[in-house]
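In what follows, a single structure is set out as structure tokens and then discussed.
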Amino acid sequence: MDFVLVDRPVPEVAVVTLNRPERMNAMAFDVVVPLLAQLEAIGHDTTVRAVVLTGAGRGFCSGADQESAGRPPHVEGLTRPTYALRSMELLDDLVLTLRRLHQPVIAAVNGAAIGGGLCLALACDIRVAAAGAYFRAAGINNGLTASELGLSYLLPRAVGSSRASEIMLTGRDVSAEEAERIGLVSRTVESGVLLDEAVALGQRIATFSRPGVELTKRSLWAGMDSSSLEGHMQLEGMGQLYVRLLTENFEEATRARKEGRPAKFTDER
């Protein structure tokens with residue numbers, strides 16, 4: 001059975017589906033390893049302009065598999081402490097790969113996003129949730145810390161420090177309705193149209209300039225880490241000049257508006 005499926009409902013959008021519904025797509029290494037490989041392959045596929053990440057069945061991703069975690073690759077002969085380090089590195093790479101992909105990634109959260117599943121959703125650039133979806137920082141409920149896979153970095157930046165502290169320290173469920181209200185997701189839709197909505201977002205993104213989209217994604221993530229407004233504005237300005245001077249996109253947008261037609265960006269001059 002393939003635990004990760006890749007579909008192309010439209011040529012410019014790849015839909016990546018975690019496909020272990022009987023375990024609510026838990027993050028066993030049998031899922032993590034092929035997911036990482038598929039994301040890396042998509043990152044090199046120049047025909048893909050946007051990515052949708054979702055789950056099969058009633059869960060988006062339920063986090064750590066509490067029954068069978070599987071086995072990470074390349075750990076033969078390692079002691080238990082080093083084995084644990086390699087395992088954590090692999091999980092960290094999954095979150096970082098989502099962030100580093102050239103293409104924007106849209107999380108179509110179809111159900112439970114728990115623990116590491118919440119981290120996966122937060123690592124995506126846009127999050128859309130089905131009405132019945134919910135989110136939980138589960139580490140605290142399992143006698144561990146709620147901080148994992150960048151959660152204590154990503155969640156406060158999404159919802160603010162006070163809300164993030166409450167969510168992580170109480171381990172309570174956050175409904176899709178609340179998630180939309182506090183900014184954890186950008187919108188909530190009925191489950192039957194979730195994937196269509198996410199793909200449509202990807203299609204809209206694909207109509208814009210490739211370097212414009214890629215630099216916008218980089219700027220958004222860089223803004224999280226920026227130590228000053230002035231420094232970040234210089235980064236943004238360089239990106240804007242890069243596309244403005246090296247392409248005719250701006251001129252094409254102006255012509256298209258005058259002629260009442262969609263712009264066709266070639267990213268060339």
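Could you tell me whether residue 171 is surrounded by fewer than 21 Cβ atoms within 10 Å (Cβ to Cβ), touching a helix residue (DSSP H, G or I) at 6+ places or on another chain (Cβ under 6 Å) and more than 23 Å from residue 26 (Cα to Cα)?
For residue 171, the condition - surrounded by fewer than 21 Cβ atoms within 10 Å (Cβ to Cβ), touching a helix residue (DSSP H, G or I) at 6+ places or on another chain (Cβ under 6 Å) and more than 23 Å from residue 26 (Cα to Cα) - is not met.
Could you grab me the full set of residues in segment 10-37 that are more than 19 Å from residue 62 (Cβ to Cβ) and either part of a helix (DSSP H, G or I) or among the hydroxyl-bearing types (Ser, Thr, Tyr) (or both)?
Within segment 10-37, just 37 meets the criteria.
Which of (1) polar (S, T, N, Q); (2) surrounded by 18 or more Cβ atoms within 10 Å (Cβ to Cβ); (3) out of contact with any Cys (no Cβ under 9 Å at 6 or more places or on another chain) does residue 25 not meet, given it meets every other one?
(3)
When the residues of segment 150-160 are filtered to those that are of a type in the set (Gly, Ala, Ser) and in contact with a Leu (Cβ under 9 Å, 6 or more places away or on another chain), which remaining residue is surrounded by the most Cβ atoms within 10 Å (Cβ to Cβ)?
Selected residue: 158.
What pairs come out if I take residues in segment 11-31 that are over 16 Å from residue 114 (Cα atoms) and pair them with residues that are buried (at least 22 other Cβ atoms within 10 Å of the Cβ) and among the polar types (S, T, N, Q) whose C-beta lies under 6 Å away, six or more apart or interchain?
Pairs found: 17/54.
Within segment 139-183, track down each residue that is out of contact with any strand residue (DSSP E or B) (no Cβ under 8 Å at 6 or more places or on another chain) and among the basic types (Lys, Arg).
157, 163, 181
Can you name the strands (runs of 3 or more DSSP E) wholly within segment 38-123 that have at least 2 residues being in the same structural domain as residue 188 (by TED's automatic domain parsing) and in contact with a Pro (Cβ under 8 Å, 6 or more places away or on another chain)?
50-55
If we keep just the residues of segment 166-185 that are within 19 Å of residue 124 (Cα to Cα) and of a type in the set (Gly, Ala, Ser), which is farthest from the chain's Cα centre (by Cα)?
It comes out as 175.
What number of residues within segment 241-269 satisfy the criterion of being loosely packed, with under 13 Cβ neighbours inside 10 Å, in a helix (DSSP H, G or I) and not basic (Lys, Arg)?
6
Please name all residue pairs, on different chains or six or more residues apart, with Cβ atoms under 6 Å, provided the first residue is in segment 113-127 and is surrounded by 24 or more Cβ atoms within 10 Å (Cβ to Cβ) and the second residue is of a type in the set (Gly, Ala, Ser) and in a strand (DSSP E or B).
As it stands, the answer is 121/107; 121/113; 127/107, since those pairs meet every condition given.
Just checking, which of 185, 199 is more than 30 Å from residue 140 (Cβ to Cβ), in contact (Cβ under 8 Å) with a residue 12 or more places away in the chain, in the same structural domain as residue 123 (by TED's automatic domain parsing) and surrounded by 18 or more Cβ atoms within 10 Å (Cβ to Cβ)?
Sole residue among the options that is more than 30 Å from residue 140 (Cβ to Cβ), in contact (Cβ under 8 Å) with a residue 12 or more places away in the chain, in the same structural domain as residue 123 (by TED's automatic domain parsing) and surrounded by 18 or more Cβ atoms within 10 Å (Cβ to Cβ): 199.
The values are calculated or read from the model by the stated rules, or taken from the named source; none is laboratory data. Remember, it's a predicted structure, so these values are computed and weren't measured experimentally. A quick note on method: Cβ atoms are made from the backbone with ideal geometry, for glycine too, and the neighbour counts reach across all protein chains shown.
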